[in-house]
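Encoded as structure tokens, the structure appears first; notes follow it.
The values are calculated or read from the model by the stated rules, or taken from the named source; none is laboratory data. Quantities reported herein were computed from a predicted structural model and do not represent experimental measurements. Please note: Cβ atoms are built from the backbone with ideal geometry, for glycine as well, and neighbour counts cover all protein chains shown.
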Amino acid sequence: MPRPLSLHHLSNLDIAAPELIRAAHGAGFSHVCLFTMGWPSPDFTFPVVDEGQLLKDTRTALAETGIKVFNADAPMLWPDVDVSRYKQGLEVAASFGATNATAVVGDPDFNRATDNFAKLYELGRSFGINCCIEFMMMGTVNSIQDAEKMARAAGALEGSITVDTLHLVRTGGSAADVARLDPKMIGNIQINDGPPTMPEGQPQIDEAMTGRLWPGQGSFPLAEIIAALPANSPFSVEAPNDAQRKACPDVQSWASALYKAARSVVA
């Protein structure tokens with residue numbers, strides 16, 4: 001059987017979760033990744049599913065399509081965070097059947113961030129969810145080695161790291177680095193593509209949020225990275241690209257084109 005593919009909501013922030021779910025179903029995806037937790041920053045607003053009519057409509061879309069929720073985003077660990085603020089979001093994610101939640105570390109104090117991640121990981125496990133550290137070029141944890149170090153120090157040895165191909169490549173990581181990691185520690189996998197180096201003059205955050213290439217369109221060593229990853233886990237297609245999305249006539253054609261691109265590199 002082909003590896004399951006999940007459509008990440010970051011790939012299209014202009015639509016609400018129910019529309020994403022229906023488009024994912026029509027395209028052939030088996031899963032979605034949804035935002036059930038937001039960030040305390042006006043610079044980053046996500047279409048969070050947390051309560052009210054949107055929550056009801058999301059449940060309806062999941063039930064009618066049979067789409068499953070693989071991962072929930074995105075608890076942020078900043079210096080004075082109280083991780084209990086994510087309890088509701090984790091509870092919603094668990095009610096959807098999610099098994100992972102991707103955390104971003106924004107605290108420059110490694111030891112304090114590790115303590116807070118340990119608390120978040122324990123909270124997530126109480127809902128049957130593994131919280132995963134997403135290392136990235138813009139973050140405090142900016143290598144796969146740093147993510148492993150934090151996860152081990154927090155006692156989080158199962159499903160505690162997110163591997164995103166953009167962040168792996170842009171932080172100087174490789175397929176060999178992924179292969180050296182205990183596969184049990186990989187909880188979430190996000191695939192996308194890009195040129196070998198960052199586009200000149202483009203801020204890192206712009207590439208990550210609006211300029212990733214779809215799988216197969218760039219020069220990332222995706223075949224080698226995929227071969228180093230656990231065999232059975234779904235891959236989340238996180239490939240926001242404003243230009244390609246706007247070139248599609250509608251949401252369904254966009255989702256179908258993205259699924260076709262991902263399936264061209266994921267058997």
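Which of the numbered conditions does residue 201 fail, given that it passes all the others? Conditions: (1) small (Gly, Ala, Ser); (2) surrounded by fewer than 17 Cβ atoms within 10 Å (Cβ to Cβ); (3) in contact (Cβ under 8 Å) with a residue 24 or more places away in the chain.
If we test residue 201 against (1) small (Gly, Ala, Ser); (2) surrounded by fewer than 17 Cβ atoms within 10 Å (Cβ to Cβ); (3) in contact (Cβ under 8 Å) with a residue 24 or more places away in the chain, just (3) comes out false.
Quick one: is residue 121 among the aromatic types (Phe, Trp, Tyr), buried (at least 21 other Cβ atoms within 10 Å of the Cβ) and in contact (Cβ under 8 Å) with a residue 40 or more places away in the chain?
No: the conditions fail for residue 121.
Please determine, by comparing only the residues of region 25-42 that are of a type outside the set (Phe, Trp, Tyr) and at pLDDT below 95, which one is surrounded by the fewest Cβ atoms within 10 Å (Cβ to Cβ).
Going through the qualifying residues, I end up with 42.
Which pairs turn up if I take residues in region 175-193 that are under 21 Å from residue 11 (Cβ atoms) and look for partners that are in a loop (DSSP other than H, G, I, E, B) and among the acidic types (Asp, Glu) with beta carbon separation below 8 Å, at least 6 apart in sequence or on another chain?
187/158; 190/238; 191/238; 192/238
Among 165, 114, 140, which is surrounded by fewer than 22 Cβ atoms within 10 Å (Cβ to Cβ) and of a type in the set (Val, Ile, Thr)?
140
Which of the residues belonging to region 152-162 are in contact with a helix residue (DSSP H, G or I) (Cβ under 6 Å, 6 or more places away or on another chain) and crowded, with 20+ Cβ neighbours inside 10 Å?
The answer is 154, 156, 160, 161.
Examine region 95-111 for a residue that is out of contact with any Pro (no Cβ under 9 Å at 6 or more places or on another chain), of a type in the set (Phe, Trp, Tyr), within 18 Å of residue 49 (Cα to Cα) and surrounded by 15 or more Cβ atoms within 10 Å (Cβ to Cβ), and state whether such a residue exists.
yes
Could you tell me whether residue 163 is under 18 Å from residue 183 (Cβ atoms), within 17 Å of the chain's Cα centre (by Cα) and either in a strand (DSSP E or B) or free of Cβ contacts under 8 Å to residues at least 60 places away in the same chain (or both)?
Taking the combined requirement at face value, the residue satisfies it.
Return only the number of the condition from (1) more than 23 Å from residue 24 (Cα to Cα); (2) in a loop (DSSP other than H, G, I, E, B) that residue 206 does not satisfy.
(2)
Select the helices (runs of 4 or more DSSP H) contained entirely in region 220-267, then report the ones holding at least 1 residues which are in contact (Cβ under 8 Å) with a residue 40 or more places away in the chain and of a type outside the set (D, E, K, R).
Of the helices (runs of 4 or more DSSP H) lying wholly inside region 220-267, those with at least 1 residues that are in contact (Cβ under 8 Å) with a residue 40 or more places away in the chain and of a type outside the set (D, E, K, R) span 222-228, 251-263.
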